[in-house]
Number of protein chains: 2
Amino acid sequence: MLHDYFKGFGSLPHDEMDFLLSQCTTKELKKGGVLIPPNHHVDSIYFLESGYLHYFTYTELGERVTLKVVSPNICWTILDSFMNQTPAEDECVALTDVRFCELKRSNYFAIKDKSKSLSDFINRIIEQILSLKVIEANNKSKMTVEERYLDLLQKNPEMVREVPISIIASLIGTSRETLHRIRRRLTAA
Amino acid sequence: MLHDYFKGFGSLPHDEMDFLLSQCTTKELKKGGVLIPPNHHVDSIYFLESGYLHYFTYTELGERVTLKVVSPNICWTILDSFMNQTPAEDECVALTDVRFCELKRSNYFAIKDKSKSLSDFINRIIEQILSLKVIEANNKSKMTVEERYLDLLQKNPEMVREVPISIIASLIGTSRETLHRIRRRLTAA
DNA sequence: TTGTTAGCGTGTCATATGACACATTTTTTT
DNA sequence: AAAAAAATGTGTCATATGACACGCTAACAA
C-alpha cells in the first residue's frame, strides 16, 4: 500500500524502492489508543493504511479543536516537532482501530543521504504536501461552513460516516449543533 | 537583503551563494500594479524587499477574499501554479510601491541541479515554509477573529498600519464593520 | 444482562455578525 | 485648487450562530 503511494510520485529503481520500504515498520493501534501524547517530541512520520486518527489541540479556554482527521493513504506527522525536535502541545489518538507504517527520523535522514535520486524523490513528496496544504488553507478561507461540509462529503464520504459528528463539526470550524442544522437543511432539500 | 534571508538557512560556500544570487533579478512595481493577473501561469518565485502585495481570489458569489498579504523579507509564489505549470485563478497586485527579486522557474531548477549542497539548501527552505504554513493554518483554526487581529498587530504592526483595513478584515476572515467594532472595543479598554 | 458512558437529535434564547445605508475623511485625479 | 473617487467610521436591523439544557439511543464495560 505504501509502495503504491510512493509510485504515485514517480518511478524508482527496484533497489532504491526496496531500501525506502525497508526503513518503515508496520504497527497497529486500538481505538482510543494514543499515538502522540501532549508535550511529546514527535520522532516519526506516519503513513496511515487503515482507520482514522484524530489530531487536535486546545484553545486558551480549554476547548478542544480538531486540526485534522488523518485518513488512510496519507503521510502525516507534526512537522514542526519532527523537524526542529521541539515538543508538540497537540495530541493524536486513534478514532478507530488503525494500521500504519512508521518512519523514524534517523531512517528519514538515512534515506535522504543514501542517494541524490532518493533525496529528490523525498523532496518531491514534501513539495506536493506543501502545495496541497496551501490549496487546502486557501479553500478554507473562501468557503462557508456549509460549503466545507459539502466538500468533505464529496471528497471523503467514508470519513464523514466513520468519524463522530462532533469531531467533523470542529474540523470544519463550527459547533456540533450548527452542523446539525446544516444537515437537516440538506436532507430536507 | 536576499543574501541575509538565505544566510538564515545556514552557510554556503561563497561561490555557491553568488551563483544563487546571480539567478535572481531585482524589479519594481508601482502601487496598484498587477504582478499576477487572473488565469495566468505563474513562472517565478518572488522575494519581497519592500512594500506590500495583495494576494486574493473570489468566492462563487463574486466576493473578493484576501488569501495573503505578502510582507517584506518573505519568499512567495502561487506554488501550485509554479510547480504544476497550471493557470492560477487567483490574482496578485501591489498595495504600495514594491521592490522585489524574481527567480524564474528555469533558474530555480538550474540551482537545484547545480550541486547537492545547493539542492539541500533549497529543500531546507521549502521544508521551513511548509512547517510555517502548517503552524499558521493550525493557529487560524484555534483563534477567534479578535485573537487573530491581536496576533497580527503584535507580529506585524507595520502591515496593519500600511494596508487598508478592509483588506486586513478579509485576511483574518471577517467583515470591515466587525473589525471596526473590535478596534473600537480595544481602544476603549 | 445490566449499568454506565459517549454520542446524537432538538428546542430555547442571548448575542455576535453581516448587510445596508449614509456621513465623514482621506486620497487621487483633473 | 477643485472635483471625483476611494476608504473609513458609525448606526440600525434581521439573522445565523453558540451556549445551554434535556431526552434518546447506541456502544461499551462490569
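The values are calculated or read from the model by the stated rules, or taken from the named source; none is laboratory data. Quantities reported herein were computed from a predicted structural model and do not represent experimental measurements. Heads up, the Cβs are rebuilt from the backbone with ideal geometry, glycines too, and the neighbour counts pull from every protein chain shown. SASA here: full protein model, heavy atoms, side chains in, ligands and nucleic acids out. Shrake-Rupley method; radii C 1.70, N 1.55, O 1.52, S 1.80 Å.
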DSSP-loop chymotrypsin sites (Phe, Trp or Tyr not before Pro) across region B:1-91, with at most 16 other Cβ within 10 angstrom: B:PHE9
Which three numbers, in whole Å and largest first, are the semi-axes of the equivalent ellipsoid of chain B derived from its Cα gyration tensor as √(5λ)? 32, 19, 16
The alpha-carbon center of region B:106-137 and that of region A:128-165 are separated, in whole Å, by 27 Å
Let me know the mean shielding of A:88-95 by other chains, meaning the per-residue number of their Cβ atoms within 10 Å of its Cβ. 0
FRET efficiency estimate (nearest 0.05) - Cβ-Cβ, A:ARG181 to A:ARG105, R0 45 angstrom: 0.50
For region A:2-114, what's the relative contact order in percent, using C-alpha pairs closer than 8 Å and at least 6 residues apart? 39 percent
Which value, in nm² and rounded to one decimal, describes the direction-averaged projected area of the C-alpha convex hull of region A:2-114? 7.3 nm²
When Cβ neighbours within 10 Å are restricted to other protein chains, what is their mean count per residue of peptide B:76-84? 3
Cα gyration tensor shape for region B:92-184, rounded if a/c is under 1.5, else prolate or oblate: prolate
Based on the alpha carbon coordinates of region A:14-66, what radius of gyration and maximum Cα-Cα distance (Dmax) apply, in Å? 15.4, 52
Given 13 as the ceiling on other Cβ atoms within 10 Å, longest exposed-site-free region of chain B for trypsin sites (Lys or Arg not before Pro) in DSSP loops: B:32-189
Nearest 10, in degrees from 0 to 90: the angle of helix A:116-142 to the longest Cα principal axis of chain A is 10 degrees
Can you compute the charge dipole magnitude of region B:5-70 about its Cα centre, using +1 on each Lys and Arg Cβ and -1 on each Asp and Glu Cβ, nothing else charged? Give it in debye, rounded to the nearest 20. 320 debye
Percent of accessible area on region A:8-105 owned by carbon and sulfur, 1.4 Å probe? 50 percent
Using a 10 Å Cβ count of at most 14 others and DSSP loop calls, identify the longest part of chain B lacking such GluC sites (Glu not before Pro). B:90-189
Once the Cα atoms of helix A:145-155 and of chain A are each reduced to a long axis, what angle between those two axes, in degrees from 0 to 90 to the nearest 10, is obtained? 50 degrees
Among A:VAL69, A:ILE45, A:LEU152, which residue has its Cα positioned farthest towards the positive end of the charge dipole of region A:39-189, with +1 placed on the Cβ of Lys and Arg, -1 on the Cβ of Asp and Glu, and the dipole taken about the Cα centre? A:LEU152
Give me the base-10 log of I(q)/I(0) for the protein assembly as shown at each q in 0.09 Å⁻¹, Debye formula, one uniform scatterer per Cα, rounded to two decimals. -0.59
Taking chain A as the reference, fit the longest principal axis to its C-alpha atoms, fit the long axis of helix A:105-114 to the helix C-alpha atoms, and give the angle between the two in degrees, 0 to 90, nearest 10. 50 degrees
Any idea of the accessible area per residue across the protein assembly as shown, 1.4 Å probe, to the nearest Å²? 52 Å²
Nearest 100 Å² is fine: what is the total accessible surface buried where chains A and B meet, probe 1.4 Å? 2700 Å²
Of B:MET1, B:PRO164, B:VAL98, which is farthest towards the positive pole of chain B's charge dipole, taken about the Cα centre with +1 and -1 on the beta-carbons of Lys, Arg and Asp, Glu respectively? B:PRO164
Placing unit charges on C-beta atoms (Lys and Arg positive, Asp and Glu negative, everything else neutral), compute the dipole magnitude of chain B about its Cα centre in debye, rounded to 20. 560 debye
Hey, what did chain A get for relative contact order, percent, Cα under 8 Å, at least 6 apart? 24 percent
Three-way shape label, region B:51-113, alpha-carbon gyration tensor, a/c 1.5: oblate
Electrostatic dipole magnitude of the protein assembly as shown [Cβ: Lys, Arg +1; Asp, Glu -1; Cα centre; debye, to 20]: 940 debye
